[in-house]
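As structure tokens, the structure follows; a few thoughts come after it.
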Amino acid sequence: DIFSSYPHQLSGGQKQRVMIAMALSNNPRILIADEPTTALDVTVQKTILELMKNLQKKYGMSIIFITHDLGVIAEIANTVLVMYKGKIVERGKLEGIFKNPQHPYTKGLLACRPPLNIRLKKLPVIDDFLEKESKVTIKGFTKDLIISEKERKSVQKKIFEKEPILRLKNIKTFFPVKKGVFGKTKNYIKAVNDVSLNVYPGETLGLVGESGCGKTTLGRSILKLVDTNGGEILYNGKNIETISKNELRKLRKDLQIIFQDPYSSLNPRITVGSAIMEPMKVHKLNKNDKTRKSKVFELLEKVNLDKSYFYRYPHELSGGQRQRICIARALALNPKFIICDESVSALDVSIQAQVLNLLNDLKKEYGFTYIFISHDLSVVKFMSDRMAVMKDGKIEEIGDADEIYNFPKTEYTKNLIEAVPKGI
């Protein structure tokens, strides 16, 4: 089947295996793997890493594995070289680098991945270590950032004593496939199949699962970006399924989304400033372009970018900067509820930490409610109050994020947790 398939018919993991097969076709002695697992979900990533290790043993080849994620390095490497500003700043055996990093940049790379055993108020970023003396340790730096169980319970008590802002009741979203001779639908992909859940004001609900489990479709169903086949979506008591187009248009100001790929979600032909002003014009917010422009400057400042970015085009920005622009655009309509759809998956771990901290800071300042969609369980655990695990269009389990991580009830959730790179 794969032999006669086209690339667009394959999943991310299948495409990556095809690339590995192509690279091995000439029996190489050295294989250079450049970020081969970055865009893949954790279970597919684990499979690809195991495949590469097995092929290495079988063919006796050397692998140069390039990645920004030291957690992944721990799964595959014997020796580690750390590069910073075009130079190698540290080299050594895997265990030595992980247990006793010397260079501040290495410490920063190790520290900015969300930890699985503790909860932090914010993630350390590389600059935190570059600004400090080289003697500072990761443990020493993070000890003041730990959130106690008591603090967390107190915050959650305030969240969950309110009425839900969003109620989903038996949501179904099916996509037709295999049309017959007369164009009749013969089958359906049940992307979302009978999902019910509540989201509370000020909560971050994490939605986690493998690629293709239906989490993105669920997010888009909530926003009416795709049509549902049944069920109720109640936002502040209003049924989004039955309200008029006019009412839905007004409601769109409250409900926003930050997409996975910031480059695809920005129009390459218009400047950053115009992209952020556009939704304000559509919804007739602020009196004129002059007041809208000053609002855009304000938003750029909120996402830690200066005014000069107003005049730039998307291709002039890095991935992290583009994602900040998408966040600023989502904030332009003063929303109450934001769906973050894999919004840090395309970023390296150091930029990812900055964006996650920014999202949490904005949540504190504006009182947002988030649904945070990701395949990366460590990121979801750091961000979320509660976590919902999706598989084949259904919710496998839902509950407190820490409890699900520490005491998973289903085999599927256990496999997701085991697949997360944990370092040494």
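Each reported figure results from applying straightforward, stated rules to the coordinates on display, with no laboratory input. Keep in mind that this is a model prediction, so the values were computed, not measured. Heads up, the Cβs are rebuilt from the backbone with ideal geometry, glycines too, and the neighbour counts pull from every protein chain shown.
Test of understanding: among Ser345, Ser350, which residue is more than 30 Å from Asn198 (Cβ to Cβ) and either within 16 Å of the chain's Cα centre (by Cα) or assigned to a helix (DSSP H, G or I) (or both)? First the steps, then the outcome.
Working: Ser345 fails: more than 30 Å from Asn198 (Cβ to Cβ).
Sole residue among the options that is more than 30 Å from Asn198 (Cβ to Cβ) and either within 16 Å of the chain's Cα centre (by Cα) or assigned to a helix (DSSP H, G or I) (or both): Ser350.
If you take the residues of region 294-321 that are surrounded by 18 or more Cβ atoms within 10 Å (Cβ to Cβ) and without any contact (Cβ under 8 Å) to a residue 24 or more places away in the chain, which of them is nearest to Tyr263 (Cα to Cα)?
By that ranking, first place goes to Gln321.
Determine the pairs where a residue that is of a type in the set (Asp, Glu), located within region 110-129, has a partner that is assigned to a helix (DSSP H, G or I) with Cβ atoms under 8 Å apart, the partner being 6 or more residues away or on another chain.
Qualifying pairs under 8 Å: Asp127/Gly108; Asp128/Gly108; Asp128/Ala111; Asp128/Phe141.
Name the residues in region 4-43 that are surrounded by 15 or more Cβ atoms within 10 Å (Cβ to Cβ) and acidic (Asp, Glu), would you?
Selection gives Asp41 alone.
Can Glu403 be described as closer than 30 Å to Phe175 by Cα, free of Cβ contacts under 8 Å to residues at least 60 places away in the same chain, surrounded by fewer than 20 Cβ atoms within 10 Å (Cβ to Cβ) and of a type in the set (D, E, K, R)?
Numbers: closer than 30 Å to Phe175 by Cα: no; free of Cβ contacts under 8 Å to residues at least 60 places away in the same chain: yes; surrounded by fewer than 20 Cβ atoms within 10 Å (Cβ to Cβ): yes; of a type in the set (D, E, K, R): yes.
When the stated conditions are applied, Glu403 does not pass them.
Criterion first (in a helix (DSSP H, G or I), within 25 Å of Asp69 (Cα to Cα) and free of Cβ contacts under 8 Å to residues at least 60 places away in the same chain) does Gly273 satisfy it?
Numbers: in a helix (DSSP H, G or I): yes; within 25 Å of Asp69 (Cα to Cα): no; free of Cβ contacts under 8 Å to residues at least 60 places away in the same chain: yes.
In short, no.
Please report, ordered by residue number, the strands (runs of 3 or more DSSP E) entirely within region 169-257 with at least 2 residues that are surrounded by fewer than 17 Cβ atoms within 10 Å (Cβ to Cβ) and not hydroxyl-bearing (Ser, Thr, Tyr). Spell out how you get there, then give the answer.
Working: elements: 185-199, 204-208, 230-235.
Those strands (runs of 3 or more DSSP E) span 185-199, 230-235.
Give all pairs with beta carbons closer than 9 Å in which a residue from region 48-72 that is in contact (Cβ under 8 Å) with a residue 40 or more places away in the chain meets a residue that is hydroxyl-bearing (Ser, Thr, Tyr); count only pairs at least 6 apart in sequence or on separate chains.
His68/Thr38; His68/Ser350; Asp69/Thr37; Asp69/Thr38; Leu70/Thr106; Gly71/Ser378; Val72/Thr37; Val72/Thr38
Kindly list the number of the only condition in (1) within 24 Å of Asn286 (Cβ to Cβ); (2) out of contact with any helix residue (DSSP H, G or I) (no Cβ under 8 Å at 6 or more places or on another chain); (3) of a type outside the set (Val, Ile, Thr) that fails for His315.
Against the list (1) within 24 Å of Asn286 (Cβ to Cβ); (2) out of contact with any helix residue (DSSP H, G or I) (no Cβ under 8 Å at 6 or more places or on another chain); (3) of a type outside the set (Val, Ile, Thr), His315 comes up short only on (1).
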